[in-house]
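Here is the structure we will look at, set down as structure tokens.
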Amino acid sequence: MRVPPEFRDRDDTQVAVLDALVGRADDGMTVLELRSGVDATIDEVEEALSALKSAGLIEIEQADGRVRIYPDERVVPDPGEQVDGDPGLLDAIRRRLGL
């Protein structure tokens, strides 16, 4: 799942972090999980997290000594909503069959 277009006008690392978080919106991610899921240095990930937190696009929760990061609910598209550039199942099947 990808972040809706209105949130994609940010730095590439910020968009990659949001995409990763949206993919795991229910569980959230740790900084280490984000670092392994985003092609960026730890410094770039930290800068992206800081900017996203300032913009109110992520939420950070601490429980049991662990910090988990979640996307803000307005960043997560509805399950049935197709984000531009993200082909639906039927489109993928048609393309695969050459139709």
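No lab work stands behind these numbers, since they all come straight from the coordinates. These figures come from a predicted structure and were not determined experimentally. Cβ: placed from backbone, ideal geometry, glycine included. Neighbour counts: every protein chain shown.
Taking Asp19 and the conditions (1) more than 15 Å from Glu73 (Cα to Cα); (2) not in a loop (DSSP other than H, G, I, E, B), which numbered condition does it fall short on, given that it satisfies the others?
(1)
Residue by residue through segment 51-63, note down the ones that are closer than 16 Å to Thr30 by Cβ and assigned to a helix (DSSP H, G or I).
Once the filter is applied, which keeps residues that are closer than 16 Å to Thr30 by Cβ and assigned to a helix (DSSP H, G or I), segment 51-63 yields Leu52, Lys53.
Consider only pairs whose beta carbons are under 6 Å apart and that are at least six residues apart or on different chains; among these, list those whose first residue lies in segment 52-69 and is over 19 Å from Asp11 (Cβ atoms) and whose second residue is small (Gly, Ala, Ser) and surrounded by 10 or more Cβ atoms within 10 Å (Cβ to Cβ).
What qualifies is Arg68/Gly28.
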